[in-house]
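For reference, the structure is listed below as C-alpha cells.
The values are calculated or read from the model by the stated rules, or taken from the named source; none is laboratory data. Values in this document were obtained by computation on a predicted structure and should not be read as measured data. With ideal geometry, Cβ positions are generated from the backbone for all residues, glycine too; neighbour counts draw on all protein chains shown. Remember, those area values only see protein heavy atoms, side chains included, never the ligands or the DNA or RNA. Shrake-Rupley method; radii C 1.70, N 1.55, O 1.52, S 1.80 Å.
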Amino acid sequence: RQRIAGLETLFQAARDASVLDLGCFDGLIAYEFVRSGAALVHGLDNDAFHLDTANRIFSQVGVPYRFAHADLRRPDAIHRALAAQDRRQYDIVLFLGVFQHIYRAMSPERRRDLAGDVVERAASLLAVRIPADTWPEFERYLPAGRLALLQVVPQAGHVGELRIYRRN
C-alpha cells in the first residue's frame, strides 16, 4: 500500500490513458492503473525476474501491455526498449523509486539526458518518487519550464517523497 500512496490523482486520470512505468518492478503499480481504466501499459525494468512476474500478471488482463528490459543508466535505454512500440509519449509516466538507485553510476550528462527523456515521454502527467534528500540532485537535471508541479506527497517510511507534475 505504501508504494501506491499518493497516486490517487493519477488513478483518477487513468481512464483510457496510456501509462509508461519506468522501473516497473513486478508490474503491481501498473496493474492499479489498469484497475483504474488505463487502456495501455508499458513497463521497463532491469530485472528479468520482476519482468517475468509483470508479464504473468498482465497475461490475465485485457489491455495491451509490454514489459521489457532496460538499464536506465545506459544512453538511449528507453528509446531502444520502446522502439518497436511506435509511441513517443504516454499520458502518464511513472518514475517511482528508481533514480536514487542508479544516479551515482551515471555521469552528470547521462543524468540530464535521462531526466530529459523521462519528461519528454510524459504527454500529460509525470510522477516521480525518490527520497527527500535526493530531490535536489534530480531537480538539477529537469528541463526548465517543461513541468508544473501539481502535488507533493511527503516521504513516508522507506517510500520516498512523491511529486506529480503536469507537462506544460
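Filter region 1-31 for residues that are under 15 Å from residue 61 (Cα atoms), of a type in the set (A, V, I, L, M, F, W, C) and out of contact with any His (no Cβ under 8 Å at 6 or more places or on another chain) and give the result. Once the filter is applied, which keeps residues that are under 15 Å from residue 61 (Cα atoms), of a type in the set (A, V, I, L, M, F, W, C) and out of contact with any His (no Cβ under 8 Å at 6 or more places or on another chain), region 1-31 yields 28, 29, 30.
Provide a single number: the residues in region 45-68 that are closer than 18 Å to residue 106 by Cα and touching a helix residue (DSSP H, G or I) at 6+ places or on another chain (Cβ under 6 Å).
Here the count works out to 1.
What do you reckon, is residue 72 under 13 Å from the mean Cα position of the chain (by Cα), crowded, with 17+ Cβ neighbours inside 10 Å, in a loop (DSSP other than H, G, I, E, B) and not polar (S, T, N, Q)? So residue 72 fits the description; yes. At least 2 residues being crowded, with 19+ Cβ neighbours inside 10 Å is the threshold, and among the strands (runs of 3 or more DSSP E) wholly inside region 92-168 those reaching it are 122-130, 161-167. With respect to being of a type in the set (D, E, K, R), open to solvent by 20 Å² or more (accessible area, probe 1.4 Å) and over 20 Å from residue 46 (Cβ atoms), residue 86 fits the description.
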